[in-house]
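One structure is given here, and the rest of the page talks about it.
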Amino acid sequence: MLPKIIIDDRIRTVCPEMRIGLIRAKVQNCATGDGLWAEIEAECAAIAAQYELLEVNKRPAVAQTRALYKALGKDPNRYRVASEALCRRVIRGLGLYRINALVDIINLVSLKSGYAISGLDADRIVGDTMAMGVGVACEHYEGIGRGVLNIEGLPVYRDAVGGIATPTSDEERTKITLDTTTLQMNINAFGPEMPLEEAMEWSVSLLRRYTAATEVETDIV
């Protein structure tokens, strides 16, 4: 069942047009196959051809998320939006890590759409509500592969236990692994770029093709 989403008024005030695309599905996660990786490499080539390094932060979806960070008191150059960080890595010729099918699908959609996407193991989310608020000082949060992350001033999804996702990094507690069988995917459109409905339809098609997704539920809030 899709979670209930509650959004803090401070975020709505800065991003009145924000929309969140929700996808939940039963999946069979696996190593990333050559077909999916070929799609990722093609998108990486397109991004590298389209953008200069200093232009990435002007992508509409990225720019609006950066503006939100600034409004909440966070430096978006120090705490980069995940989609911006992916694009910068590609443009610098560093390539992407081949992780697993679910994570790589999320990275592919993020690259093309410009949206920061929260990809979570739904079975590790506590409760039926995800509240998007603002991180506070000394709030414990362990970013995936980053260690303890200072999320003060970052938009943060919280479940009944605590923080599980930000547009900069998701949390270790709910991270996707090869054992993940239920995916929760939140496409965070703080500002419009790729039509959100199109991004969601594409995401679902990728999930069906590469992770045999079933019992797919979608909604936009």
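The values are calculated or read from the model by the stated rules, or taken from the named source; none is laboratory data. All figures in this text were calculated on a predicted structure; none of them were measured in a lab. With ideal geometry, Cβ positions are generated from the backbone for all residues, glycine too; neighbour counts draw on all protein chains shown. SASA here: full protein model, heavy atoms, side chains in, ligands and nucleic acids out. Shrake-Rupley method; radii C 1.70, N 1.55, O 1.52, S 1.80 Å.
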Would you work out which of Val62, Ala199, Asn186 lies farthest towards the positive end of the dipole of the chain? Charges go on Cβ: Lys and Arg +1, Asp and Glu -1. Val62
Whole-Hz couplings from phi, Karplus 6.51/-1.76/1.60, listed for segment 141-150; x for Gly and Pro: 7, 10, x, 5, x, 10, x, 5, 10, 7
Suppose each label sits 7 Å from its Cα in the direction of the beta carbon; what would the Ala212-Asn100 distance come out to in nanometres? 1.5
Given Cα pairs under 8 Å that are at least 6 residues apart, what percent is the relative contact order of the chain? 37
Calculated from backbone phi, Karplus (6.51, -1.76, 1.60) coupling profile of segment 213-221 in Hz, x at Gly/Pro: 5, 9, 6, 6, 10, 9, 6, 10, 10
Just the C-alpha atoms of segment 82-164: what Rg/Rh do they give, with Rh taken as the Kirkwood radius? 0.99
Using DSSP to call loops (not H, G, I, E or B), can you name the trypsin sites (Lys or Arg not before Pro) in segment 138-199 whose Cβ has at most 16 other Cβ atoms within 10 angstrom? Arg146
Roughly how many Å is it from the Cα centre of segment 136-211 to that of segment 74-120, as a whole number? 11
Which value does Rg/Rh take for the chain over its C-alpha atoms, Rh per Kirkwood? 0.93
Check the chain and count each lysine pair with an alpha-carbon distance under 18 angstrom, considering only pairs eight or more places apart or from different chains. 4
Sum up the charges of everything whose Cβ sits under 11 Å from the Cβ of Arg173, counting Lys and Arg as +1 and Asp and Glu as -1, but leave Arg173 out. -4
Taking protein heavy atoms only, a 1.4 Å probe, and rounding to whole percent, the accessible area of segment 96-221 owed to carbon and sulfur comes out at 51
Going residue by residue through segment 19-25, the Karplus relation 6.51 cos²θ - 1.76 cosθ + 1.60 with θ = phi - 60° gives ³J(HN,Hα) values, rounded to whole Hz and with x marking Gly or Pro, of 9, 10, x, 9, 9, 10, 7
Amide H of Ile7: which non-local residues (sequence gap of 5 or more, or other chain) have their own amide H closer than 5 Å, using H built in the peptide plane? Met132
Amide N of segment 94-121 lying under 12 Å from the label point, which is placed 7 angstrom from the Cα of Val161 along Cα→Cβ: 121
What is the gain in length, in nm to one decimal, between Glu41 and Val126 on full extension, counting 0.36 nm per residue of separation less the C-alpha to C-alpha distance? 27.1 nm
